[in-house]
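The values are calculated or read from the model by the stated rules, or taken from the named source; none is laboratory data. Note that the structure is predicted; figures quoted are calculated from it, not measured. Ideal geometry is used to build each Cβ from the backbone, glycine not excepted, and the neighbour counts take in all protein chains shown. With ligands, DNA and RNA removed, areas are computed over all heavy atoms of the protein, side chains included. Shrake-Rupley method; radii C 1.70, N 1.55, O 1.52, S 1.80 Å.
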Amino acid sequence: QVQLVESGGGLVQAGGSLSLSCAASGRTFRWTMGWFRQAPGKEREFVAQMNWRGASTYYADSVKGRFTISRDNAKNTVYLQMNSLKPEDTAVFYCAAAGPAGSTKPNEYQYWGQGTQVTVSS
């Protein structure tokens, strides 16, 4: 049984920062890990991805230069550092695991966390 548990969401003012964590358990952590988000009334969208060695990363254009994905395989944890947050970043952020390298499609990931709310006020 694979479990992904996100933490670190919250309320922040525009221009501020938040750091999300996703702890994985239940199986090997040798997965490509991704972060997605879903705003009210919108489809789930890709945010960032990192392969299991941490050598390859991908970002959505909307977050490039502001968000950074990282991972600590010894702790089975992936992180998303979010800086210069904007009101349009407001969404539920989800951690996803075991997707193909380079994939931005939610349906290609096998495992999902429950999500954590990020709210950016203007």
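Quick check: net charge around Ala60, other residues with Cβ under 15 Å of its Cβ, Lys/Arg +1 and Asp/Glu -1? All intermediate terms of the calculation are to be shown ahead of the outcome.
Numbers: positive: Arg37, Lys42, Arg44, Lys64, Arg66, Lys86, Lys105; negative: Glu43, Glu45, Asp61, Glu88, Asp89.
Net charge in that neighbourhood comes out at +2.
Can you tell me the accessible area per residue over the chain, all protein chains present, probe 1.4 angstrom, in square angstrom?
Accessible area per residue, the chain: 51 Å².
Please enumerate, by chain and number, the lysines with C-alpha under 20 Å from the C-alpha of Lys42, excluding those fewer than 8 residues away in the same chain.
Qualifying lysines at Cα under 20 Å: Lys86, Lys105.
Determine the relative contact order of the chain: mean sequence separation of Cα pairs under 8 Å and six or more apart, normalised by residue count, in whole percent.
Computed value for the chain: 36 percent relative contact order.
Where nothing but the Cβ of Lys and Arg (+1) and of Asp and Glu (-1) is charged, how large is the charge dipole of the chain around its Cα centre, in debye to the nearest 20?
260
Tell me, what % of the accessible area of the chain is carbon and sulfur with a 1.4 angstrom probe?
Working: 2820 of 6230 Å².
Accessible surface attributable to carbon and sulfur in the chain totals 45 percent.
Give, in nm to one decimal, the length gained when the segment between Thr68 and Ser103 is fully stretched (0.36 nm per residue of separation minus the Cα-Cα distance).
Between Thr68 and Ser103, full extension yields 10.9 nm more.
If we count every other residue with Cβ under 15 angstrom of Asp89's Cβ, Lys/Arg +1 and Asp/Glu -1, where does the sum land?
Every neighbour counted, the sum reads +3.
Of Ala23, Ala55, Gly41, which is farthest along the charge dipole of the chain in the positive direction, counting Lys and Arg as +1 and Asp and Glu as -1 at C-beta?
Ala55
For q = 0.15, 0.17 Å⁻¹, what log10 I(q)/I(0) does segment 41-122 give under the Debye formula with an equal point scatterer on each alpha carbon and no solvent?
Treating every Cα as an identical point scatterer, log10 I(q)/I(0) equals -0.55, -0.71.
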